[in-house]
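Here is the structure we will look at.
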Amino acid sequence: MIKLGIISSFNIMCGNATYTKAIIDGIQEYYDIEPIEIPVSLQKNHNSKNIKEIIEKLKSFDAVNLQLELSLYGPTPKLATALVQKMINTNRIKSITMHRVEEETPNIIKTIYQSYKIHGFKNLTDNLLMNYVKKNIYKSYKEIIITACKKKIVFIVHTNRERSRIARIRRDAKVFVHPILWPENIKSKNNIILKERFNNDNKVIGVFGFVSHYKNFLQVARVAKREDYNLVIAGSTHPTNQGYGKLNDKNNASWLVSNELYGKDTHYKGYYILTAPEDDIFLTLIENVDLVIIPYLETEQSGSGIASLAIQYGKRVIFSDTALITELNYFLNKKPFLFDVNSDASMVSAIKDALYFQSAYEIKFEGYSFSSNIKTYIDSLGINEVPI
């Protein structure tokens with residue numbers, strides 16, 4: 001019998017791990033498949049013993065999918081790339097799920113010119129540093145893509161943009177495109193009555209996931225307070241973020257959100273924050289809010305498990321106007337209401353539009369499902385064996 005595996009982090013604090021587990025459970029309805037766990041310790045430093053164990057374990061499989069988030073495989077892009085290439089060279093990797101594909105960085109002269117034109121010399125150093133970092137990340141993804149193509153490995157991506165970026169590196173790359181989708185039966189068994197957390201009948205809006213600056217929860221908190229919506233925040237600072245577990249870090253995104261809701265100048269009481277909720281409670285909260293907000297800033301994110309969950313649950317949902325929703329629209333039957341991250345008034349309007357002019361299950365995935373997601377994975381692994 002063919003032996004299948006998926007390489008990923010299976011740390012309970014990792015969103016990628018939750019998604020990978022769902023994929024494994026889906027494939028297990030047809031074939032035997034095992035998780036191959038990347039130790040969290042490898043994200044901080046490369047231990048030759050751990051690497052040797054992973055490589056030897058890989059060799060015992062016939063076909064393996066690798067879930068690629070570069071930071072899962074090493075403390076630097078260079079070290080992460082070296083490990084992924086070692087895995088590829090075992091000839092057991094048959095497909096790689098690229099959760100993002102970095103775009104090629106602009107010429108450094110162009111970066112200097114654009115920075116000066118917009119900000120003068122004010123942010124020049126920061127922009128040059130960011131250009132250097134992104135250039136190294138792009139180089140790592142490029143090396144992995146080239147190595148994988150030489151081995152005829154299939155890529156799975158979540159957007160057409162990612163497919164195009166891979167094609168610019170290797171035109172002969174075989175790429176499957178499928179949005180992040182969860183099992184249709186992924187329902188919570190928890191009986192939280194969310195309205196009991198508040199002392200009023202106001203509409204309940206919610207944001208979900210790890211709290212970080214790019215998630216832009218602060219704008220949602222500001223609008224909820226001013227417009228007197230009840231606000232649910234299900235999440236906390238990511239354990240790998242600077243400031244995790246430290247007091248009075250006023251640059252921490254969680255501190256900023258808390259200060260907005262609970263600072264000395266506010267009498268707002270309409271918030272409920274659940275830190276590091278278990279998956280079942282997390283799902284219950286999504287089910288019970290009146291509106292889910294995806295307020296992320298532009299980071300060239302290729303997909304959002306939270307956004308997919310909200311749509312699959314038939315929730316009213318609004319998005320910040322970024323490439324995330326531009327790419328996701330391709331898979332949807334209808335465009336959601338959007339708002340400008342630079343305009344609180346724009347968010348207020350989008351909330352009202354969604355609450356009063358959008359019905360439940362009005363926005364849905366069209367032509368894509370969890371079943372088609374699983375089929376994509378099975379096809380990418382090149383399985384010819386009859387299912388169990």
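The values are calculated or read from the model by the stated rules, or taken from the named source; none is laboratory data. Computed from a prediction, not measured in an experiment: that's the story for all the values here. So basically every Cβ, Gly included, is an ideal-geometry build from the backbone, and we count neighbours across all protein chains shown. Remember, those area values only see protein heavy atoms, side chains included, never the ligands or the DNA or RNA. Shrake-Rupley method; radii C 1.70, N 1.55, O 1.52, S 1.80 Å.
Note that region 162-176 has calculated 3J(HN,Hα) couplings of 5, 4, 5, 5, 5, 4, 5, 8, 9, 5, 8, 5, 9, 10, 9 Hz, one per residue in order, obtained from phi through the Karplus relation 6.51 cos²θ - 1.76 cosθ + 1.60 (θ = phi - 60°); glycine and proline are x.
If R0 is 41 Å, the Cβ-Cβ spacing of residue 103 and residue 199 corresponds to a FRET efficiency of close to 0.30. For region 172-278, the solvent-accessible area of protein heavy atoms averages 57 Å² per residue (probe radius 1.4 Å; ligands and nucleic acids excluded).
Along the axis of the charge dipole computed for the chain (Cβ charges of +1 for Lys and Arg, -1 for Asp and Glu, origin at the Cα centre), the listed residues 200, 185, 252 are led at the positive end by 252. When the surface is traced with a 1.4 Å probe over the full set of protein chains, residue 182 keeps roughly 20 Å² accessible.
Net length available on complete extension from residue 334 to residue 89 is 83.9 nm, with 0.36 nm assigned per residue and the Cα-Cα distance removed. Over the chain, Cα pairs under 8 Å with separation of 6+ residues give a relative contact order of 15 percent. Shape call for region 1-70 from the C-alpha gyration tensor, a ≥ b ≥ c root eigenvalues: rounded (a/c under 1.5), prolate (a/b greater than b/c) or oblate? Oblate, since a/c reaches 1.5 and b/c is not below a/b. On the accessible surface of the chain, probed at 1.4 Å, how many percent belong to carbon and sulfur atoms? Taking all protein chains in place, the chain shows 50 percent carbon and sulfur surface. Taking each DSSP H run with n ≥ 4 as -39500 (n - 2.57) and averaging over every residue of the chain yields -12500 deg cm²/dmol at 222 nm. Centre-to-centre, using Cα atoms only, region 198-224 and region 1-54 are separated by 32 Å.
Charged side chains reduced to their Cβ positions (Lys and Arg at +1, Asp and Glu at -1) give the chain a dipole of some 1300 debye around its Cα centre. In this simple spin-label model, placing a label point 7 Å from the Cα along the Cα-to-Cβ direction at both residue 160 and residue 55 gives a separation of 4.1 nm. Overall form of region 183-223: oblate. Here a/c, set by the Cα gyration tensor axes a ≥ b ≥ c, is 1.5 or more, and a/b is not larger than b/c. Compute the acute angle (0 to 90°) between the alpha-carbon long axis of helix 217-227 and the principal axis of greatest extent of the alpha-carbon atoms of the chain; round to the nearest 10°. Approximately 20 degrees, to the nearest ten. Once the 1.4 Å probe is applied to the protein heavy atoms, region 27-111 comes out at 48 Å² accessible per residue. Close amide-amide hydrogen proximity is noted between residue 38 and 8, 9, 10, each under 5 Å apart and 5 or more residues distant or on a separate chain (H modeled in the peptide plane; Pro and chain starts excluded). Return the sequence-ordered ³J(HN,Hα) values of region 279-284 in whole Hz as given by the Karplus equation 6.51 cos²θ - 1.76 cosθ + 1.60 applied to θ = phi - 60°, using x for Gly and Pro. The phi angles translate into 3, 5, 5, 4, 5, 4 Hz.
Which value, in Å² rounded to 10, gives the accessible area of residue 52 with a 1.4 Å probe and all protein chains present? Rounded to the nearest 10, the figure is 140 Å².
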